[in-house]
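For reference, the structure discussed in these notes is given below.
The values are calculated or read from the model by the stated rules, or taken from the named source; none is laboratory data. Being a predicted model, the structure only gives us computed values, none of them experimental. Note: ideal-geometry Cβ built from the backbone for every residue, glycine included; neighbour counts use all protein chains shown. With ligands, DNA and RNA removed, areas are computed over all heavy atoms of the protein, side chains included. Shrake-Rupley method; radii C 1.70, N 1.55, O 1.52, S 1.80 Å.
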Amino acid sequence: MKFGWVRVTGDNWEDKKEIVKMALESSIPVIVAEPEDIEKIKELGNIKVASNSLDADIVLINKDDNLEFLKEAKNLGKETAIYIPIESKEDEEFASEVARYGFVDNIILEGRDWTIIPLENLIADLFNRDVKIIASVDSVDEAKVAYEILEKGTDGVLFNLKNIEDIKELSKLIEDMNKEKVKLDVATITKVEPIGSGDRVCIDTCSLMNIGEGMLIGSYSRGLFLVHSETVENPYVSTRPFRVNAGPVHAYILCPGNKTKYLSELKAGDKVLIVDKDGNAREAIVGRVKIERRPLILIEAEYKGDIIRTILQNAETIRLVNEKGEPVSVVDLKPGDKVLIRPDEYARHFGMAIKETIIEK
């Protein structure tokens, strides 16, 4: 997931304070500041501060500073970062070398006299290494370029703002960059059968959903069903557009980053993926999870010769999504109906997609 840090600058604290406040309002996770401002920034809100101080959340040094200071910070359990201006091939090589030390978590790169090539070189060199690459940028347009280099792009940017309102634009860019696209397909219902009672999970999020949106949930990782949100008007209960009645505690749910969790694992503060009928996905924060004993219904479907299943609460207000993108109640489902699913050839191990033979039935 892409992220952005913002550098706090200004001639006085009042100017700096406005930048911090805007960063907080825009959900920016990290402020880069001078050591003397750390305490005052912390008084404004819960936000991480990167600075050349052991009192900072992220201990940040410049290229010419003593690396032993970062080692000390890492030994104290601190996150670490180093700022490296790229002015020559030697600087590229230094950044590559630092990334292999094991005590540097973030490398911030500033291109003073360069094209995009040095950044491309480092992204290619450090791909899949346990270090985050951050580009120092001066505009939202530069941030977009950094995020998209070699398709993978940098993990984040350090934003040197010229206009305080640009922080909002950066936040919007990050939100757009982090949207995922999920490939959906159509499966054919083969069986709908009440099976008794069990512990089912309602997921109440901190976001409002629309018609056509829900979450991908199922008994098997190879086939997750698009379970619709409680956004449809009905004569029985009021809508709950923040909620998905997801299914029993054992079921998988698709989360950001192509990871899965069991519904029983979810708790307030976790992130889940809201997906619409076209496969457009966005993150949502879990506000509450409710587990209650309810009557259940087995949903079985066929997809390319394979049988996939999920279990849901047996109630009129619980819906899947048909091939036209319309919500359809589980009590109205019948063999031959078409519903949207997310097929996956990968198995799962602790929520991670892996190439392995696992039989689920």
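Structural remarks
- Cα pair distances in region 259-326, grouped into 5 Å bins until the bin that holds the longest one, percent each: 3, 11, 16, 21, 27, 16, 5, 1
- Counting only Cα atoms, the size of region 215-304 along its three principal axes is 37, 31, 29 Å, in decreasing order.
- In a DSSP loop and with at most 11 other Cβ atoms within 10 Å, the trypsin sites (Lys or Arg not before Pro) in region 231-267 are LYS267.
- Unit Cα scatterers, Debye sum, region 144-218: log10 I(q)/I(0) for q = 0.20, 0.21, 0.22 Å⁻¹: -1.12, -1.17, -1.20
- Tensor-based shape of region 132-182 (alpha-carbon gyration tensor, a/c under 1.5 rounded, otherwise prolate or oblate): oblate
- Qualifying lysines (Cα of each under 25 Å from Cα of LYS267; at least 8 residues distant if same chain): LYS2, LYS48, LYS179, LYS181, LYS259, LYS290
- If R0 is taken as 35 Å, the Cβ-Cβ distance between GLU120 and GLU36 corresponds to a FRET efficiency of 0.40.
- Probe 1.4 Å, accessible area per residue of the chain, Å²: 49
- Contact order normalised by residue count of region 130-204, Cα under 8 Å, 6+ apart, percent: 26
- Region 160-263: equivalent-ellipsoid semi-axes (sqrt of 5 x gyration tensor eigenvalues, Cα, Å): 33, 18, 13
- Taking the accessible area of the chain, probe 1.4 Å, and keeping the other protein chains in place, the carbon and sulfur fraction comes to 47%.
- For region 12-56 versus region 90-111, the spacing of their alpha-carbon centroids is 25 Å.
- Taking only the Cα atoms of region 1-83, the ratio Rg/Rh comes out at 0.97, with Rh defined as the Kirkwood radius.
- In loop segments of region 152-233 as defined by DSSP, the GluC sites (Glu not before Pro) with at most 12 further C-beta atoms inside 10 Å of their C-beta are GLU165, GLU233.
- Cleavage-rule hits, GluC sites (Glu not before Pro), region 276-351, DSSP coil, Cβ neighbours within 10 Å at most 12: GLU345
- For region 177-220, the spread of Cα positions along the three principal axes, ordered from largest to smallest, is 42, 26, 21 Å.
- Sequence-separation-based contact order of region 1-105, relative, with Cα cut under 8 Å and 6+ spacing, percent: 16
- Taking GLY77, GLY111, GLY198 as the candidate residues, the one with maximal mean-square fluctuation in a Gaussian network model of the chain, Cα springs under 10 Å, is GLY77.
- Projected onto its three principal axes, the C-alpha set of region 35-91 covers 42, 24, 16 Å, listed from the longest axis down.
- FRET efficiency estimate (nearest 0.05) - Cβ-Cβ, VAL145 to ILE307, R0 35 angstrom: 0.15
- Around the Cα centre of the chain, unit charges on the Cβ atoms of Lys, Arg, Asp and Glu (plus for the first two, minus for the last two) sum to a dipole of about 2040 debye.
- Cα gyration tensor shape of region 1-140, rounded if a/c is under 1.5, else prolate or oblate by comparing a/b with b/c: prolate
- For the chain, the 222 nm mean residue ellipticity estimated from helices alone, with every DSSP H stretch of n ≥ 4 adding -39500 (n - 2.57) and the total spread over all residues, rounds to -5500 deg cm²/dmol.
- Working note: Karplus 6.51/-1.76/1.60 with θ = phi - 60° gives region 225-232 the couplings 8, 7, 8, 6, 6, 7, 10, 8 Hz, where Gly and Pro are set to x.
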